[in-house]
Every structure is written in C-alpha cells, then in structure tokens.
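Asks: If you scroll down you'll find the structure; I have some questions about it.
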Amino acid sequence: MILFVSFNPEAQADALLSLVTTPTIELTDSRTAFDNTGHLWLIHLWGKEHYASRLAPNGKWALDKVPIPPIFQLGQDVVCDRWGNAYFDYFPKREKPPSIMRVTPEGKITDYAPWPTDTKYSLAKYIVPGDTLFVVGDDWYSWDNRTAKALLTRDEMIPLTEDIHSKNESKALDYLKLGSIYDEVILEWSKGWGIKTIIIKGETKDLHVRRINLKPDDYTAEETRVYPWRNYIWRSYTDAWIRWMTLTRHKDSGYILCIPDPDDSTTTHLLRLDKDGVPIAPAELKDGGARSARSFGRLPDEAEKHVYFKTWIKYNPLLAPDSALVQFWGCDDEGNLYAYRKVKRF
C-alpha cells in the first residue's frame with residue numbers, strides 16, 4: 001500500500017516557527033534540508049542538547065526531537081540520500097576533527113567517528129552517482145585537501161577511501177567547499193566536471209564562472225571568466241527574494257542560475273547559462289521579462305527544494321526571540337521560480 005501525503009508548505013513553516021519559544025528561546029542552532037519525499041530534516045540544539053527532527057509534507061512531526069549522542073558543535077549542513085536518510089557533520093569536542101552521523105527516517109542514529117579521519121573545519125558533503133557520499137575537507141596536519149568516500153545503502157553507510165590532494169593541484173576541491181550566499185556549484189559527476197559561479201562580496205556587478213574538473217586524478221580548475229551579470233538577466237521575480245544563489249539544469253540544454261538581487265531584497269533574477277556555463281544574451285531567449293513566483297506547493301517533485309530557517313534573538317539575559325523567518329524555494333527545469341516565505345515577530 002502506498003500512502004500519499006499532501007504537501008503543505010504553510011503547515012511546515014508553522015511547525016518550524018512553533019519551535020521558537022517565549023519568553024526564553026530553546027532552539028538556538030539548527031541545520032535544515034529537504035529529502036526527496038518532501039520531508040524536512042531539522043538537526044538542532046534545544047536547550048543544552050542536540051536533537052534530530054523530521055517534518056512530514058503535511059506539517060506533522062514524523063520524528064520529534066530524537067536525541068543525538070553528546071557533541072560539541074554542528075557542522076555546515078545536512079544532505080539526504082534517495083532513501084531519506086540524513087547525514088550531517090559535527091565536532092565531538094573543541095579542537096577535535098569533525099565526523100559524520102547518519103539518521104534514518106525511523107530515527108536510528110549511527111555515529112561514524114572517527115570517519116573521516118584527520119580533517120579540520122566543517123565538511124562539504126555531496127551525494128554522487130553510485131549512491132556514494134563524497135566528503136571534502138582540509139587536512140588536519142597541512143594546508144592540503146582531503147577527500148573521503150562512503151557507499152550508501154538503505155540500511156547503512158560503508159566508509160571506503162580517504163585521500164590527500166596537493167593544494168596547488170586540487171583547486172576544484174576548494175571550490176566544492178561551501179561559501180557565501182553568492183557562491184554555487186552544479187556538478188556533472190558522471191561526466192567528470194562541474195561549473196562554479198561566484199559573485200564576489202563587495203564586487204556585486206560581476207559574475208565569475210569557473211569550470212572545475214571532478215576526476216579523481218584531476219581536481220584542477222580553469223581560469224575565471226567574468227561577466228557583467230545584469231546584462232544577462234532573462235527573468236525577474238519582483239515578489240520573491242531567495243536566501244542564496246542556486247543552479248539547476250534547463251530541460252533543453254545548459255543551466256538556470258537564480259540570483260537574489262544584492263541591492264533589492266524583494267527580487268530574484270534568473271539567467272540562462274549554456275552547457276559551458278556562459279551566460280546567454282536575453283535577446284536570444286524567449287519568455288523573458290518580469291514574472292511572479294509560483295506557489296511553492298506546486299514545485300515539481302523532481303525539482304530541488306531549498307529551505308532557510310533563521311531566528312534572531314534580542315540582546316538580553318533571557319535570550320528572548322525577536323523574530324523568525326522561514327523561506328522555501330525552488331526552480332523547475334523551465335525557469336519558473338516557486339517560493340513561500342513567512343515571518344513571525346515577537
């Protein structure tokens with residue numbers, strides 16, 4: 001029997017915002033991600049302990065505060081495999097290398113410490129073809145890059161290899177590490193390359209495009225190409241501002257780059273890039289111009305869903321919440337933006 005659950009972004013947002021308690025806030029740190037079933041994972045600090053929660057598409061808690069073994073601090077983000085298992089990096093203690101934990105949809109938690117070994121700072125994590133977790137970090141003892149791979153199944157993660165790569169010969173690995181809100185990659189793992197797009201802070205008029213190599217024996221990157229990105233705006237959504245730049249594949253060829261306007265917090269712009277990452281002039285494209293964002297609940301199942309959940313705290317001994325924000329967004333393969341946003345003030 002297959003159980004179909006309706007997708008209700010408003011209910012999911014309300015459930016997240018219900019975690020913002022008064023007069024003292026208990027939720028002070030969180031990492032969020034959608035899996036491919038529309039469930040939303042939340043790895044968070046509640047009071048003095050860390051927990052994993054999973055929110056169903058209809059806004060009901062599928063998992064509610066499953067305790068995580070004691071840790072010092074969460075890493076950068078959460079990624080999910082095709083079975084809905086969530087993976088996050090964490091620091092076990094201060095001045096100790098980060099490791100990986102796995103949480104199943106049923107709430108089983110597995111700690112893979114000390115894998116990966118001898119890394120420092122937070123880890124960038126990707127699910128790559130062949131149901132493989134690919135982890136990128138910095139070597140604990142040098143400035144070189146470290147990579148680690150693990151095989152994923154429905155029931156377990158099996159660590160495989162770990163390698164060190166010379167910093168001077170593995171620039172692509174630096175570009176895989178997570179950056180600012182104007183820093184994004186799209187990766188063609190099966191083809192052995194990817195595209196990195198960056199709008200540099202303080203120099204927001206230009207888009208830097210880099211082609212990176214993803215073959216195990218060639219993690220180099222090509223020189224930067226620079227484009228005045230506002231000359232290439234294809235569509236503008238004046239009623240939706242997304243939290244960070246995103247890339248998705250276009251159904252015909254190339255890619256769609258969604259850019260939150262650095263100067264206007266109400267607008268997101270879309271550019272079309274060809275298969276090499278070169279922006280396409282709007283005059284060569286159809287169906288451009290000003291648009292309105294579509295309802296996030298209508299985003300196609302195959303499109304990637306993004307979530308941003310942030311709480312601001314008043315500066316006082318009670319740690320009282322000031323306001324909280326939930327943002328959902330995604331772009332389909334035709335260049336339609338879908339978004340939902342809710343703010344709660346206290």
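Asks: How far apart, in nm, are the 7 Å Cα→Cβ label points at T24 and E334?
Replies: According to this spin-label approximation, the distance is 5.2 nm.
Asks: OK, next. Could you tell me which of V20, L63, T204 has its Cα farthest along the dipole of the chain towards the positive end, charges placed at Cβ (Lys, Arg +1; Asp, Glu -1), taken about the Cα centre?
Replies: Farthest towards the positive pole: V20.
Asks: Right, here's the next one. What does the extension gain come out to for S253 and K120, with contour length at 0.36 nm per residue minus their alpha carbon separation?
Replies: Numbers: separation 133, 0.36 × 133 = 47.88 nm, distance 3.81 nm.
Taking 0.36 nm per residue and subtracting the Cα distance, the gain is 44.1 nm.
Asks: Kindly identify segment 1-108 as rounded, prolate or oblate by the Cα gyration tensor criterion: order the square roots of the eigenvalues as a ≥ b ≥ c, call it rounded if a/c is under 1.5, otherwise compare a/b with b/c, prolate if a/b is larger, else oblate. All intermediate terms of the calculation are to be shown ahead of the outcome.
Replies: Details: a/c = 2.37, a/b = 1.32, b/c = 1.80.
The shape class here is oblate.
Asks: Students sometimes get this wrong: rank S122, S18 by accessible area, probe 1.4 Å, all chains present, largest first.
Replies: On the way: S122 40, S18 70 Å².
Of S122, S18, the descending order of accessible area is S18, S122.
Asks: For each pair in K205/K286; K96/K310; K120/K177; K93/K177; K177/K215; K201/K344, compute the distance between the two Cα atoms and list the pairs where it is over 19 Å.
Replies: On the way: K205/K286 24 Å; K96/K310 27 Å; K120/K177 12 Å; K93/K177 22 Å; K177/K215 16 Å; K201/K344 29 Å.
Long pairs (Cα-Cα over 19 Å): K205/K286; K96/K310; K93/K177; K201/K344.
Asks: Could you calculate the FRET efficiency of K215 with D14 from 1/(1 + (r/R0)^6), where r is the beta carbon distance between them and R0 is 35 Å, rounded to 0.05? All intermediate terms of the calculation are to be shown ahead of the outcome.
Replies: Working: r = 46 Å, r/R0 = 1.31.
My answer for the efficiency is 0.15.
Asks: Oh, and also: Spin-label point model (7 Å from Cα, Cβ direction): what's the W140 to E284 distance in nm?
Replies: Result: 5.0 nm between the two label points.
Asks: Given +1 on the Cβ of Lys and Arg, -1 on the Cβ of Asp and Glu, and no further charges, what dipole in debye does segment 1-95 carry about its Cα centre, rounded to the nearest 20?
Replies: Values: 8 positive and 11 negative charges, 34 e Å.
Value, rounded to 20: 160 debye.
Asks: Does segment 80-131 come out rounded, prolate or oblate by the C-alpha gyration tensor, with a ≥ b ≥ c the root eigenvalues, rounded set by a/c under 1.5 and, if not, prolate when a/b is larger than b/c and oblate if not?
Replies: oblate
Asks: Ordering D287, D81, D217 from largest to smallest accessible area (1.4 angstrom probe), what's the sequence?
Replies: Numbers: D287 100, D81 5, D217 135 Å².
Sorted by accessible area, descending: D217, D287, D81.
Asks: Here's something else I'd like to know. In the neighborhood of T119, defined by Cβ-to-Cβ distances under 15 Å, what is the net charge if each Lys or Arg adds +1 and each Asp or Glu adds -1? Before the final figure, lay out each step's value.
Replies: Details: positive: K93, K96, K120, K125, R146, K149, K167, K177; negative: D89, E95, D118, D138, D139, D144, E162, D163, D174.
Its environment carries a net charge of -1.
Asks: With a 1.4 Å probe and all protein chains kept in place, how much accessible area does I25 have, in Å² rounded to the nearest 10?
Replies: I25 exposes around 10 Å² with every protein chain in place.
Asks: Quick one: net charge of D276's neighbours, Cβ under 13 Å, K/R +1, D/E -1?
Replies: +4
Asks: To continue, here is another question. Looking at segment 1-106, which trypsin sites (Lys or Arg not before Pro) are in a loop (DSSP not H, G, I, E or B) and have at most 14 other Cβ atoms within 10 Å? Present the calculation step by step, with values, prior to reporting the outcome.
Replies: Details: sites: R31, K48, R54, K60, K65, R82, K93, R94, R102; in loops: K48, K60, R82, K93, R94.
Of the trypsin sites (Lys or Arg not before Pro), the ones in loops of segment 1-106 whose Cβ has at most 14 other Cβ atoms within 10 Å are K48, K60, R82, K93, R94.
Asks: Taking R0 as 30 Å, what's the FRET efficiency between K344 and S292 from their Cβ-Cβ distance, rounded to 0.05?
Replies: Values: r = 24 Å, r/R0 = 0.79.
Result of the calculation: an efficiency of 0.80.
Asks: Another one. Along the Cα-to-C-beta direction of N168, a point sits 7 Å from the Cα; which residues of segment 209-248 have their amide N less than 19 Å from that point?
Replies: 217-223
Asks: Quick check for me: using +1 on Lys/Arg Cβ and -1 on Asp/Glu Cβ, what's the dipole size of the chain about its Cα centre, in debye to the nearest 20?
Replies: Working: 45 positive and 49 negative charges, 162 e Å.
That gives the chain a dipole magnitude of about 780 debye.
Asks: Each residue of segment 84-97 in turn: what ³J(HN,Hα) in whole Hz from Karplus with 6.51, -1.76, 1.60 and θ = phi - 60°, glycine and Pro shown as x?
Replies: For segment 84-97, the Karplus curve yields x, 6, 10, 10, 9, 9, 8, 9, x, 8, 4, 6, 10, x Hz.
Asks: Can you give the local net charge around A148? Use residues other than it whose beta-carbon is closer than 13 angstrom to its beta-carbon, Lys and Arg +1, Asp and Glu -1. Mind dumping the intermediate values first?
Replies: Numbers: positive: K125, R146, K149; negative: D89, D118, D138, D139, E162, D163.
Charge balance near A148 sits at -3.
Asks: Something else about it: Tell me which of S180, S253, G192 sits at the most positive position along the dipole axis of segment 164-261, charges placed on C-beta atoms (Lys, Arg +1; Asp, Glu -1).
Replies: Result: S253, furthest along the dipole toward the positive end.
Asks: For the chain, what does -39500 (n - 2.57) per DSSP helix run (n ≥ 4), summed and divided by total residues, give at 222 nm, in deg cm²/dmol to the nearest 500?
Replies: On the way: 2 runs with 15 residues, N = 346.
Calculated from helices alone, the mean residue ellipticity at 222 nm is -1000 deg cm²/dmol.
Asks: Which value, in Å to one decimal place, does the Kirkwood hydrodynamic radius take for the chain when every pair of different Cα atoms is included?
Replies: Values: mean 1/r = 0.0471 Å⁻¹.
Kirkwood radius, the chain: 21.3 Å.
Asks: Could you please state how large a percent of the accessible area of segment 165-228 is carbon and sulfur, counting protein chains only and using a 1.4 Å probe? Spell out each step's value before the answer.
Replies: Numbers: 1540 of 3240 Å².
Reported share for carbon and sulfur atoms: 47 percent.
Asks: Take every DSSP beta bridge whose two residues both sit in the chain, then give the antiparallel share in percent to the nearest 5.
Replies: On the way: 102 of 107 bridges.
Among the beta bridges of the chain, antiparallel pairing accounts for roughly 95 percent.
Asks: So how strong a dipole does segment 187-346 carry about its Cα centre when Lys and Arg Cβ are +1 and Asp and Glu Cβ are -1, to the nearest 20 debye? Write down the numbers at each step before the final one.
Replies: Details: 26 positive and 23 negative charges, 137 e Å.
That gives segment 187-346 a dipole magnitude of about 660 debye.
Asks: With a point put 7 Å past each Cα toward its Cβ, work out how far L318 is from E203 in nm, to one decimal.
Replies: A separation of 4.7 nm, rounded to one decimal place.
Asks: Continuing with this model, one more query. Looking at V326, I233, Y338, which one has the Cα that reaches farthest to the positive end of the dipole of the chain (charges on Cβ: Lys, Arg +1; Asp, Glu -1)?
Replies: Towards the positive end, the residue furthest out is V326.
Asks: With a probe of 1.4 Å, find how much accessible area the chain has per residue, and write the answer as a whole number in Å². Each step should come with its number before you reach the end.
Replies: Numbers: 16700 Å² over 346 residues.
Using a 1.4 Å probe on heavy atoms only, each residue of the chain averages 48 Å².
The values are calculated or read from the model by the stated rules, or taken from the named source; none is laboratory data. Just so you know, these numbers come straight off a predicted model, no measurement behind them. Ideal geometry is used to build each Cβ from the backbone, glycine not excepted, and the neighbour counts take in all protein chains shown. Please note that ligands, DNA and RNA were not included when accessible areas were found on the heavy atoms of the full protein model with its side chains. Shrake-Rupley method; radii C 1.70, N 1.55, O 1.52, S 1.80 Å.
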